[in-house]
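Structure first, commentary second.
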Amino acid sequence: MVLEYIAYILYSPYLMYLQYNNKTPQEIYKLLEGRILGRQAFNGIISMVSPYSSSIHPNVECFEKKECKCSIEDRQYLRNPFNSIHALALSNLGELTSGLIMMEYLKKTEQRGIMTEITSKYYKKSRGKITAISSLNTLKNGIIISKLFDEDNDLVCKISSKWLLKDIQPGIRKYK
């Protein structure tokens with residue numbers, strides 16, 4: 001976590017420039033990905049922009065135009081009394097992953113949206129590294145699915161995030 005903040009501070013002038021030029025989260029990720037501590041800097045951005053999501057210390061592993069992959073490591077403070085990762089930590093990871101890919105989608109389609117419902121379905125206890133995958137291919141009627149897998153590639157959880165989407169109307173100022 002400290003490394004992420006250090007990387008964020010080192011890259012902050014560059015990040016401010018990218019934000020000023022209205023780059024999407026995916027474009028920022030791609031520009032940072034190949035740089036020294038670039039991924040850590042992007043994870044630091046996530047921590048700054050979304051403090052609640054930073055509580056699980058997510059790691060953005062892959063961020064393409066139509067797919068996003070984030071993971072968390074099994075940590076003691078994420079565990080429940082049943083010696084597995086807490087259900088809400090998994091929901092948090094699924095929501096973050098789907099939210100990142102939706103931010104990319106909204107920016108490209110010039111829409112705005114807000115999440116109105118989140119549904120979690122759990123299949124087995126989760127232990128070890130958990131990886132969430134969200135794809136725009138699953139987007140139907142404003143609902144996007146995140147699937148969470150453990151180290152053995154077993155499905156441990158499925159998160160459905162429902163978004164209310166609207167076109168940006170002429171005359172409404174876009175936020176930078």
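None of the figures in this text is laboratory data; all of them are computed from the coordinates on show. On a predicted model such as this, the values are computed, not experimentally measured, just so you know. When we count neighbours, we look across all protein chains shown, and the Cβ atoms used for this are built from the backbone with ideal geometry, even at glycine.
Details
- Derived scalar couplings ³J(HN,Hα) [the stretch 46-51; Karplus, 6.51 cos²θ - 1.76 cosθ + 1.60; whole Hz; x for Gly, Pro]: 4, 5, 6, 6, 10, x
- FRET efficiency, Asn137 to Leu88 (Cβ-Cβ, R0 25 Å, nearest 0.05): 0.40
- Computed from point charges on the beta carbon alone (+1 for Lys and Arg, -1 for Asp and Glu), the dipole magnitude for the chain about its Cα centre is near 440 Debye.
- Only alpha carbons enter this Debye calculation for the chain, each as an equal point scatterer, and the log10 of I(q)/I(0) it gives at q = 0.08, 0.12 Å⁻¹ is -0.25, -0.56.
- ³J(HN,Hα), Karplus 6.51/-1.76/1.60, whole Hz, each residue of the stretch 87-94, x for Gly, Pro: 4, 6, 5, 5, 4, 4, 5, x
- The relative contact order of the stretch 56-176 comes to 27 percent, based on Cα pairs under 8 Å that sit 6 or more residues apart.
- Förster radius 35 Å - calculated FRET efficiency between Gln111 and Ile9 (Cβ-Cβ, nearest 0.05): 0.60
- Percent of Cα pairs in the stretch 9-110 per distance bin of 10 Å, from zero to the largest separation: 14, 45, 30, 9, 1.
- Of Val156, Val49, Val60, the residue with the greatest mean-square motion in the GNM of the chain, using alpha carbon springs below 10 Å, is Val49.
- Whole-Hz couplings from phi, Karplus 6.51/-1.76/1.60, listed for the stretch 63-68; x for Gly and Pro: 9, 9, 5, 10, 8, 10
- Rg/Rg_ref, the stretch 1-49, where Rg_ref = 2.2 N^0.38 Å and atoms are Cα: 0.99
- Protection proxy ranking of 116-123, 83-90 - average other beta-carbon atoms within 10 Å, highest first: 83-90, 116-123
- Annotation: amide H of Val156 within the under-5 Å range of Leu148, Phe149, Asp150, sequence separation 5 or more or interchain, hydrogens built in the peptide plane.
- Built amide H within the under 5 Å cut-off of His86, gap 5+: Arg79, Asn80
- Residues Phe149, Phe82, Phe42, Phe63, arranged from fewest to most other Cβ atoms within 10 angstrom of their Cβ, appear as Phe82, Phe149, Phe63, Phe42.
- Annotation: amide H-H contacts under 5 Å for Trp163 (H modelled 1.01 Å from N, sequence separation of 5 or more, or interchain): Thr116, Ile143, Ile144.
- Comparing Lys69, Lys23, Lys108 in a Gaussian network model of the chain, where Cα atoms under 10 Å apart are tied by springs, the biggest mean-square fluctuation is seen for Lys108.
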